[in-house]
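The values are calculated or read from the model by the stated rules, or taken from the named source; none is laboratory data. Here the structure is a predicted model, which means the values were calculated and not measured. FYI the Cβ positions are ideal-geometry reconstructions off the backbone, even for glycines, and counts take in every protein chain you see.
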Amino acid sequence: MILKASKRSGGAQLGQHLLKTEENEHVEIHEVSGFVSDSVTGAMNEAYALARGTKCRQYLFSMSLSPPPQESVRPEVFEKALGEIEEKLGLSGQPRVIVFHEKEGRRHCHAVWSRIDAQTMTAKDLPFFKLKLNKIAKQLYLENGWDMPKGFTSAKLRDPRNFTLDEWQQAKRAGLDPRELKSAIQSCWKQADGRQAFAAALEERGLFLARGDRRGFVAVTLDGDVFAISRMIGAKAKDVQARLGDPAKLLSVDETRQKLASEIAPRLSRYIVESKRIAKLAMKPLKEKREALKVQHKAERQASDKLHAERWNAEQRVRSSRVRKGLAGAWDFLTGKYFRLRKQNEMEVKWARERDNTERHALISGQMSERQTLQNQIRETRHRQAQRILSLYRDSAKFQRIRDGRSAPSPARNRGLDLG
């Protein structure tokens with residue numbers, strides 16, 4: 001379970017964040033304890049008012065507990081973890097608020113403690129709390145049998161998928177196969193009887209004839225790579241010049257690159273706009289389904305809560321009816337029947353609460369599983385569209401640099417290919 005925590009102020013803003021439904025699909029206030037108020041907003045106001053009597057500015061300790069995405073964790077597991085955290089950090093008995101958030105098919109917990117001890121009017125010190133929380137988090141993975149992230153075992157074993165989207169999705173272009181490139185240039189050479197025909201044949205294959213620095217005629221790829229014609233076709237430079245004429249009449253490699261960039265950069269800008277439109281259209285039905293699922297799940301929970309309340313009231317009436325009043329009740333008290341009935345009622349109440357909690361958890365788990373399936377589709381769609389758009393952005397930036405003359409040619413690529 002990932003634990004993130006900080007000492008902070010701003011109780012009013014934090015209370016609003018905990019209750020925010022715009023970003024979270026479900027918000028459940030699990031506990032408000034140690035405060036006079038039974039609301040999150042009231043508790044935050046009380047914590048602020050108490051802190052005014054001290055010199056402490058960061059009077060709150062805020063924490064988020066995030067279990068593995070694929071795990072359905074019962075509230076009791078969170079409560080146990082919070083109990084261990086309180087014991088290790090010295091927060092036992094401090095007023096606290098616990099709120100559950102659900103977003104994108106995942107459920108996580110927020111806990112906020114007041115650091116102010118009302119008896120001494122001092123703030124609870126929290127030395128090395130990040131180190132302590134790291135140990136607790138590792139222990140939670142072991143206790144619950146969850147797969148432990150590599151980052152917990154070694155600082156060097158970081159998952160590269162945790163990097164930024166730009167870092168993670170950097171992809172190299174697939175290079176040209178040297179054998180295919182050589183075959184294409186040889187084919188163009190065989191069918192062309194002059195410079196114009198040869199240049200046109202090359203352009204059909206995405207290659208552009210230019211004037212090289214040393215070898216006369218060269219072919220420039222769309223990516224700006226340079227290959228000597230004589231080397232590719234296995235002929236002498238003077239033989240190539242005899243068929244194609246004076247290379248001085250052609251654009252240089254840099255000029256060819258800039259010309260290509262000037263023609264391609266605007267096209268890439270249009271491609272980017274079109275890709276964004278396609279991405280938006282692809283996400284629209286998924287977003288609509290997400291909102292519909294949110295409404296459906298909320299209605300199911302409300303219906304379940306209503307059913308539980310009605311059943312609880314009906315069962316409570318049955319339990320109450322067992323206890324007789326008046327002389328009959330006095331007789332039951334004297335004979336001990338009253339105490340047996342009370343014990344029976346207490347056991348039924350305990351069983352009923354456990355049954356209702358189990359049913360609610362099963363409902364939430366099923367909904368989360370359904371939401372996670374949809375979230376996987378959303379994530380895959382986002383990833384696919386992001387890859388396309390980011391690739392276009394990289395290409396656009398590359399050609400803009402070339403167009404502006406900020407990309408120098410590589411002399412090594414101007415010597416052709418030695419294929420053996």
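Restricting region 248-257 to residues that are part of a helix (DSSP H, G or I) and buried (at least 19 other Cβ atoms within 10 Å of the Cβ) leaves a set whose member that is modelled with the highest pLDDT is VAL253.
Taken over region 77-93, the criterion of being of a type in the set (Asp, Glu) and over 26 Å from the mean Cα position of the chain (by Cα) is satisfied by GLU84, GLU86, GLU87. Note on region 21-51: among residues that are surrounded by fewer than 16 Cβ atoms within 10 Å (Cβ to Cβ), touching a strand residue (DSSP E or B) at 6+ places or on another chain (Cβ under 8 Å) and at pLDDT below 90, the one that is nearest to LEU133 (Cα to Cα) is GLU23. Just checking, does region 329-341 include any residue being in a loop (DSSP other than H, G, I, E, B) and in the same structural domain as GLY366 (by TED's automatic domain parsing)? Looking for residues that are in a loop (DSSP other than H, G, I, E, B) and in the same structural domain as GLY366 (by TED's automatic domain parsing), one finds at least one in region 329-341, hence yes.
For region 295-304, how many residues are surrounded by 12 or more Cβ atoms within 10 Å (Cβ to Cβ) and either without any contact (Cβ under 8 Å) to a residue 40 or more places away in the chain or not in a helix (DSSP H, G or I) (or both)?
Within region 295-304, the subset surrounded by 12 or more Cβ atoms within 10 Å (Cβ to Cβ) is 296-298, 300-301, 304.
So of that shortlist, the ones also either without any contact (Cβ under 8 Å) to a residue 40 or more places away in the chain or not in a helix (DSSP H, G or I) (or both) come out as 296.
Residues flagged as surrounded by 12 or more Cβ atoms within 10 Å (Cβ to Cβ) and either without any contact (Cβ under 8 Å) to a residue 40 or more places away in the chain or not in a helix (DSSP H, G or I) (or both) within region 295-304 amount to 1.
A quick yes/no check of all residues on (1) surrounded by fewer than 21 Cβ atoms within 10 Å (Cβ to Cβ); (2) touching a residue at least 12 places away in the same chain (Cβ under 8 Å); (3) within 12 Å of LEU260 (Cβ to Cβ); (4) not hydroxyl-bearing (Ser, Thr, Tyr):
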position: TRP189; (1), (2), (3), (4): yes, yes, no, yes
position: GLY206; (1), (2), (3), (4): yes, yes, yes, yes
position: ARG211; (1), (2), (3), (4): yes, yes, no, yes
position: ARG214; (1), (2), (3), (4): yes, yes, no, yes
position: VAL220; (1), (2), (3), (4): no, yes, yes, yes
position: ASP223; (1), (2), (3), (4): yes, yes, yes, yes
position: PHE227; (1), (2), (3), (4): no, yes, no, yes
position: SER230; (1), (2), (3), (4): yes, yes, no, no
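Does ILE402 satisfy the condition of being touching an Asp or Glu at 6+ places or on another chain (Cβ under 9 Å), at pLDDT 85 or above and either surrounded by 11 or more Cβ atoms within 10 Å (Cβ to Cβ) or assigned to a helix (DSSP H, G or I) (or both)? Steps first, please.
Values: touching an Asp or Glu at 6+ places or on another chain (Cβ under 9 Å): yes; at pLDDT 85 or above: no; either surrounded by 11 or more Cβ atoms within 10 Å (Cβ to Cβ) or assigned to a helix (DSSP H, G or I) (or both): yes.
Answer is no for this residue.
With respect to the stated conditions, SER72 is under 28 Å from LYS289 (Cβ atoms) and not in a helix (DSSP H, G or I). So, in region 346-388, of the ones that are surrounded by 15 or more Cβ atoms within 10 Å (Cβ to Cβ) and among the aliphatic types (A, V, I, L, M), which residue ends up modelled with the lowest pLDDT? Here the answer is ALA386. Looking only at region 94-101, decide whether some residue is under 25 Å from the mean Cα position of the chain (by Cα) and more than 19 Å from GLY11 (Cβ to Cβ). Scanning region 94-101, I find at least one residue that is under 25 Å from the mean Cα position of the chain (by Cα) and more than 19 Å from GLY11 (Cβ to Cβ), so the answer is yes.
For region 213-243, what are the residues that are in a helix (DSSP H, G or I) and either out of contact with any Phe, Trp or Tyr (no Cβ under 6 Å at 6 or more places or on another chain) or under 25 Å from ALA397 (Cα atoms) (or both)? Let's see the steps before the verdict.
Applying the first criterion (in a helix (DSSP H, G or I)) to region 213-243 yields 229-233, 237-243.
Residues satisfying the conditions are SER230, ARG231, MET232, ALA237, LYS238, ASP239, GLN241, ALA242, ARG243.
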